[in-house]
Each structure stands twice: as C-alpha cells, then as structure tokens.
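A.B. asks: Please read through the structure below; I'll follow up with questions.
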Amino acid sequence: MTGEWLVLLESNTTGTGRLFCAAARRLGMRPVVLARDPGRYGYLATDGVETRTVDTEDGDALWATCAGLPGRIAGVTSSSEYFIAMAAELAARHGLPHPDPAAVRACRDKESQRRRLRAAGLPGPAFQIATTPADAVPAAAGIGLPVVVKPVAGSGSIGIRLCESVAAVRAAAAAVLNVADLALPPQRAVLVEEYLRGPEFSVETFDDRVIGVTAKHLGALPYFVETGHDFPAAAPSADLGATALAALRALGLGWGAAHVEIRRTTAGPRVIEVNPRLAGGMIPRLVVLASGIDLIESLTAKAAGIHRPIRSTRSGSASIRFLVASSAGRLAGVDGESAARAVPGVVEVGITGVPGQVVVPRHSFQDRLGYVIASAGTSSVAARAAEDGLRRLAARITPADLATESAVG
C-alpha cells in the first residue's frame, strides 16, 4: 500500500492525532490531514505531514479536496471526536471501510444515545433535556437533587458539573448553553441526569471484543476532571464488559474502537456514556504498555481495509497521572521532570503546558499541564509509581491580569 493516502479529518490536540500519522506511515501509507486551520496542530510541520486547508464541515468540499489528491485513497478516519461522523460519511462516499455514520451521529448526541439505551433496556441514570437554564430547574426537581448537568454534545469533561442546588443547576445550564467560555460547539440543550454513586470505569473495545477495563480517577466534585487512569483495572468484573457490548449493540455500533464509561453502583453497572471512538487521556498508550495491543495502529489499519489480528503479547499494568492546574495565572514552568523520570517504574513524563501560557482552570482536560506514565507487573505497583512520579512535578504559576490577557487575546 506504499504511497496510498490515509486521509485524516482534523486532529485532536493531545497526542493521538500524531500517533495516527505515525501508524499510517508504519503501515506504508501517506497521511494527509484535512483541516480548517492546519496551523492548530504543531506536530504536522514538525513531522512533515502533508495537509490540505478545507472547510471540514462541508462534505462536498471534502470530496473535492480528496478528488484532488494524486493517487489512490486507502482510508478515511479521524482522531477527533467532533469529526468521526463526517469521516465515516466521506469514507462511505469513497466505498472505503467505515462505521455506520448515522449510528455515530446518533451516539454523539447524548439525548439520542440515552433514549436508545433506555429503549434497549440498558441501565443508566434518569435524565431530562432542557433547552434553557429555566427549564433545567424543573428537570432537576423531577429527578431529585443532586443532579449532573452536561452538554448534549461534548467531550473531555468540558461543562459537566454536579449540582446540589437549584442555583447551581441554573448556573451550570447557562454556562453550557453560552459556550463562548467553554470551547464547545454550540449546544441546543443540556442533559440533566441523576447522579450515580460508585467507582467509575471505562471499557475499551474493538469491534465486538472487550480489550480491557480501565479504572478512572476523578478530581474533586462538583467537577469530573479525569486525573488518572489504571489499565487494566485492579478488580474489574465481567458484567462491565458485558454491559459495554450490550450498549454498543443497542446503538448500532461495533466497528472499530469504542470507549464505554460505566459506574459500578450498588444496583449493578450503569452506563454513563458511550463514545464511538478510541479512548482519550492517553489510555491507548497504557493499553500498549500493559498488553502490547496497539489500538491506534489497529484502527488505522481497519480504516484502510488491512486485516491486523489483535493479540495480547504481554500481561502487565500501566498507569497515568495528570498534573492539573489548581490556580489561575501565567505558567512560569514545571519543575521536577528529571526527578519524576527517575522514579522506578516510570516510563514517560510529558510536560504539555507551555511556559508563558495563561492558565485559567476550566475544570476539564484543558487544565492538564503534564503527565507521568508508569508500567509494572501489577496495577497497584504501576499506580504507586505514577503517583510517586507526579508528586515530583510542580507547576510554577505566577499571578497575571487575566482580564487584560483575555482582552488582548
């Protein structure tokens, strides 16, 4: 397949997009990223990845751009959650492998997803839809406080909040519906949900197979910032995987990778959210370290019609812990990188914050300034190493006039 194109629509900004391009090259393909603004993704120029500037929400413009590529297109996909449905539609027009575009679009709308899961008898939280902050108040009253308010279309914990009062419900709904400050696409409504108590997990799947279960670590309420992951979870139960696969079937999914979030409550597993894509938060990196299964390469190959059997080649554990901004200001730097790398079991330390950047805690993945990944024979040892490494990192954030910075920016 040397020289054939792997077309990627847009990219994520936290590493996986770069890995898709690297996987395409390993498989003998030539990656090209179609983006409205390729300059957003710094790795493209660094790695010499070809780009085309195009309106990535315009199917006809994408078709014309692909038609202008010299040679054959082997596959079309995306590492960005916001563009996986469009990528599936473009692949379908080219007669290339793809998930069901309609199923992907329906899944990405959390109201549609919730209704389909409920119709199939899949257990989940009670929920209501609200199109205004005022409407969110009776919705919460009908469910019973506390409730979770979240966007109907989003990712990365952006805009999700636990609300214990009517005032908090109204404020959370207003923040989501006025997305200017949240880096979300425009929202037609918010989802008001029952708050489910219990430990949270995610089930990583590929086609109709459970690859493994990840234990999730969350920051302090009322937000749901993911501060770390352990793969595989120390004590997962078979019902988590069975619940995840049942949810995929109910939603018409089961092509390629999916990431199913589940809480284990006293009444059993409850589906929090189904994502028709690879996991974020560098979970695919943990899966490789723990099992040898490269989900990014597997998905890239599948998009190009290349058969790659998925086989575990090792039996270990891996953990990641994130350095999360806890105050606003300007990032002067992150100390302790060398000390973190020196911790036994630590295999990777990344500093993602850029010195000089303005830091405004947004209570989402956007607050991450760095990470520590550790690998070991057991989950507990890997988790301790990652936590030990994280304790060595310290962000230096100096005061800044954020109002002025924002006005200038």
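The values are calculated or read from the model by the stated rules, or taken from the named source; none is laboratory data. A quick note: this is a predicted structure, and the numbers were derived from the prediction, not measured. Don't worry about glycine lacking a Cβ; one is built from the backbone with ideal geometry, like all the others, and counts go over all protein chains shown. Only protein heavy atoms, including side chains, enter the accessible area calculation; ligands, DNA and RNA are left aside. Shrake-Rupley method; radii C 1.70, N 1.55, O 1.52, S 1.80 Å.
A.B. asks: Residue by residue through the range 297-316, note down the ones that are under 17 Å from A91 (Cβ atoms) and not in a loop (DSSP other than H, G, I, E, B).
C.D. replies: Correct list: S298, L299, T300, A301, K302, A303.
A.B. asks: To continue, here is another question. Check off (1) touching a Lys or Arg at 6+ places or on another chain (Cβ under 9 Å); (2) open to solvent by less than 50 Å² (accessible area, probe 1.4 Å); (3) in a loop (DSSP other than H, G, I, E, B) for G254 and give me the number that stays unchecked.
C.D. replies: (1)
A.B. asks: Taking the criterion of being hydroxyl-bearing (S, T, Y) and closer than 23 Å to A235 by Cβ, would at least one residue in the range 358-377 satisfy it?
C.D. replies: Checked the range 358-377: at least one residue is hydroxyl-bearing (S, T, Y) and closer than 23 Å to A235 by Cβ.
A.B. asks: Would you pick out the residues in the range 129-182 that are open to solvent by 40 Å² or more (accessible area, probe 1.4 Å), within 16 Å of Y195 (Cα to Cα) and not in a helix (DSSP H, G or I)?
C.D. replies: Once the filter is applied, which keeps residues that are open to solvent by 40 Å² or more (accessible area, probe 1.4 Å), within 16 Å of Y195 (Cα to Cα) and not in a helix (DSSP H, G or I), the range 129-182 yields I129, L145, R161, E164, S165.
A.B. asks: Just to be sure I understand, how many residues within the range 118-128 are closer than 18 Å to R263 by Cβ and assigned to a helix (DSSP H, G or I)?
C.D. replies: Residues that pass the stated criteria total 1.
A.B. asks: Just checking, does the range 262-282 include any residue being out of contact with any strand residue (DSSP E or B) (no Cβ under 6 Å at 6 or more places or on another chain), open to solvent by 10 Å² or more (accessible area, probe 1.4 Å), closer than 14 Å to F206 by Cβ and in contact (Cβ under 8 Å) with a residue 24 or more places away in the chain?
C.D. replies: Yes, the range 262-282 has at least one match.
A.B. asks: Now a separate question. Would you kindly identify the strands (runs of 3 or more DSSP E) lying entirely within the range 1-117 that contain at least 1 residues that are under 17 Å from the mean Cα position of the chain (by Cα)?
C.D. replies: Qualifying strands (runs of 3 or more DSSP E): 5-9, 73-77.
A.B. asks: Here is a follow-up. Looking at (1) at pLDDT below 95; (2) in contact with a helix residue (DSSP H, G or I) (Cβ under 9 Å, 6 or more places away or on another chain); (3) more than 18 Å from Y82 (Cβ to Cβ), which is the one condition that is false for L27?
C.D. replies: In the conditions (1) at pLDDT below 95; (2) in contact with a helix residue (DSSP H, G or I) (Cβ under 9 Å, 6 or more places away or on another chain); (3) more than 18 Å from Y82 (Cβ to Cβ), L27 misses (1) alone.
A.B. asks: Condition first: open to solvent by 60 Å² or more (accessible area, probe 1.4 Å), touching a Ser or Thr at 6+ places or on another chain (Cβ under 9 Å) and either closer than 22 Å to Y223 by Cβ or touching a residue at least 24 places away in the same chain (Cβ under 8 Å) (or both). Can you find one or more residues in the range 311-319 that meet it?
C.D. replies: yes
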